[in-house]
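The values are calculated or read from the model by the stated rules, or taken from the named source; none is laboratory data. What you are looking at is a predicted structure, and each value in this text was computed from that prediction instead of being measured. Cβ sites come from the backbone with ideal geometry, for glycine too, and all protein chains shown count toward neighbours. Remember, those area values only see protein heavy atoms, side chains included, never the ligands or the DNA or RNA. Shrake-Rupley method; radii C 1.70, N 1.55, O 1.52, S 1.80 Å.
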Amino acid sequence: MPQRRIYLDYAATSPLDPRVVEAMLPYLTDVYGNPSSLHATGRRARRALEDAREQIASTLACQPTEILFTSGGTESDNCAVLGIARAQRAAGRGNHVITSQIEHHAVLHACAQLEAEGFRVTYLPVDAYGLVDPHAVAAALSDNTVLVSIMAVNNEIGTVEPVPEIASICRSRDVPMHTDAVQAMGNLEVSVATWGVDALSLTAHKCYGPKGVGLLVLRQGLPFQPLMAGGGQEREQRPGTENVAAIVGMAAALHIAHEERADRVAHAQALRERLEQGIETRLPWAQKNGHPTRRVANISNVSFPGVSNEILLLRLDLAGMDVSNGAACTSGTVEPSHVLRALGKSDEVAASALRFSLGKDTSHADIAAALEILESTVPALRAETAVTFESSGLS
């Protein structure tokens, strides 16, 4: 029997929870109607769609009419940044957007698109741990600011941003705030009402739901310009036939993540501490990245100076271990992480970083095996790199 792979890349994606599969099955088989159709088969699908919307609204503490279903976190981020900013400018409210230097590229690239359209974008720096200073947000606000977008949890280092504090500042200045909460669900108590944000992005596949489905919460009455045209679905704000089975699965996954959050966090915390302590003991020159305490329990970002994370990732893969060298969306790039650079890390440190992310199915045996693999792989690769560097005549 082949050896079980050690999967430590849950921040990239997670397997479907069997309970989610069970919830989805009827809508992959018997209840196949188009939810926009008026006949009985379509109405059954519509009822499932709206039941899922209501369940998600209850989970996230928002109104069902504030939820737009999308294809995932990237689309939700794009809809929020582009749709709100463009609508605000069209209403004559300004053309200034504030974000941070460590946002997911779904936000950063959307902001770059706005700049190409004549918007002014402020990219706020972060401290050495990846925290955005709420006072910096307040100082950057102007009469022309139409949107602030700050993520809830950084996807590479796990740092938890002060979203409620920033939202309060924005609300006092009547400026909408969006947060990318993709990495927060199941790790934090995600509450639109408590956080006080105007828009919030989520996806299902980070918390044991299906891929290809997400949502955007838009506060009632918030100006919004749809990115797509072609149908009346989702109140004409996101046209296209809804993926009923996936939406039902997302509703189940978000509900389960909310209900089981405390147990999942405690489980991940214990495993992460064992992993980090093991790395510190076996590879004492390794460097942890991110905030020491203000971070989600399931993410650990560690640099191994003297090695290339791309080569190390491949070696670990061959050894049966799945990890990441950053965000899954940018894993094909050779550039050092923009997040770690923003923290002030050198290119060497940034280019040697790996992200370990744990899940509810990760075991203590997995962590023990991972530490054995790291101990046998990293020093050997570091020695090879040193020899190569010396033989090149560059030492």
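Counting only residues that are surrounded by fewer than 24 Cβ atoms within 10 Å (Cβ to Cβ) and either assigned to a helix (DSSP H, G or I) or among the β-branched types (Val, Ile, Thr) (or both), the stretch 239-251 holds 2 of them.
Just for the stretch 51-98: of the residues that are within 16 Å of residue 244 (Cα to Cα) and of a type in the set (Asp, Glu), which one is farthest from the chain's Cα centre (by Cα)? Within the stretch 51-98, the match that is farthest from the chain's Cα centre (by Cα) is 51.
The requirement of being of a type in the set (Gly, Ala, Ser) and closer than 20 Å to residue 342 by Cβ is fulfilled somewhere in the stretch 146-157, by at least one residue. Exactly one residue out of 104, 109 is open to solvent by 10 Å² or more (accessible area, probe 1.4 Å), touching a Cys at 6+ places or on another chain (Cβ under 9 Å), under 26 Å from residue 135 (Cα atoms) and at pLDDT 95 or above: that is 104.
Of the numbered criteria (1) out of contact with any Lys or Arg (no Cβ under 8 Å at 6 or more places or on another chain); (2) within 24 Å of residue 115 (Cα to Cα); (3) at pLDDT below 95, the one residue 228 fails is (1). Could you tell me whether the stretch 59-69 includes any residue that is closer than 23 Å to residue 232 by Cβ, modelled with pLDDT of 95 or more and loosely packed, with under 14 Cβ neighbours inside 10 Å? Looking through the stretch 59-69, at least one residue is closer than 23 Å to residue 232 by Cβ, modelled with pLDDT of 95 or more and loosely packed, with under 14 Cβ neighbours inside 10 Å. Of the numbered criteria (1) surrounded by fewer than 23 Cβ atoms within 10 Å (Cβ to Cβ); (2) part of a loop (DSSP other than H, G, I, E, B); (3) touching a helix residue (DSSP H, G or I) at 6+ places or on another chain (Cβ under 9 Å); (4) not charged (D, E, K, R), the one residue 256 fails is (2). From the list 276, 242, 260, which one is over 18 Å from the mean Cα position of the chain (by Cα) and either farther than 30 Å from residue 219 by Cβ or without any contact (Cβ under 8 Å) to a residue 40 or more places away in the chain (or both)? Residue meeting the stated conditions: 276. Quick check on residue 155: is it over 29 Å from residue 357 (Cα atoms), in contact with a His (Cβ under 7 Å, 6 or more places away or on another chain) and not aromatic (Phe, Trp, Tyr)? No; evaluated as a whole, the condition is false for this residue.
For (1) among the hydroxyl-bearing types (Ser, Thr, Tyr); (2) open to solvent by 20 Å² or more (accessible area, probe 1.4 Å); (3) in contact with a Phe, Trp or Tyr (Cβ under 6 Å, 6 or more places away or on another chain), each residue gets a yes or a no:
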residue: 187; (1), (2), (3): no, yes, no
residue: 210; (1), (2), (3): no, no, no
residue: 215; (1), (2), (3): no, no, yes
residue: 225; (1), (2), (3): no, yes, no
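Which members of the stretch 16-50 meet the condition of being over 25 Å from the mean Cα position of the chain (by Cα) and among the β-branched types (Val, Ile, Thr)? The answer is 29, 31, 41. Farther than 19 Å from residue 206 by Cβ and part of a loop (DSSP other than H, G, I, E, B): does that describe residue 82? No; evaluated as a whole, the condition is false for this residue. Taking first residues from the stretch 358-381 that are under 15 Å from residue 280 (Cβ atoms) and partners that are at pLDDT 95 or above and assigned to a helix (DSSP H, G or I), the Cβ contacts under 6 Å between residues at least 6 apart in sequence or on separate chains come to 367/271; 367/274; 367/275; 371/278; 375/282. Restricting attention to the stretch 38-68, which residues are within 30 Å of residue 195 (Cα to Cα), of a type in the set (Gly, Ala, Ser) and in a helix (DSSP H, G or I)? Those that are within 30 Å of residue 195 (Cα to Cα), of a type in the set (Gly, Ala, Ser) and in a helix (DSSP H, G or I): 48, 52, 57, 58. Scanning the stretch 78-101 for residues that are open to solvent by 50 Å² or more (accessible area, probe 1.4 Å), of a type in the set (Gly, Ala, Ser) and touching a Leu at 6+ places or on another chain (Cβ under 8 Å) yields a total of 0. In the stretch 42-55 there is at least one residue matching the filter, namely being farther than 24 Å from residue 190 by Cα and of a type in the set (A, V, I, L, M).
Being out of contact with any helix residue (DSSP H, G or I) (no Cβ under 6 Å at 6 or more places or on another chain) and crowded, with 17+ Cβ neighbours inside 10 Å is a description that does not apply to residue 300.
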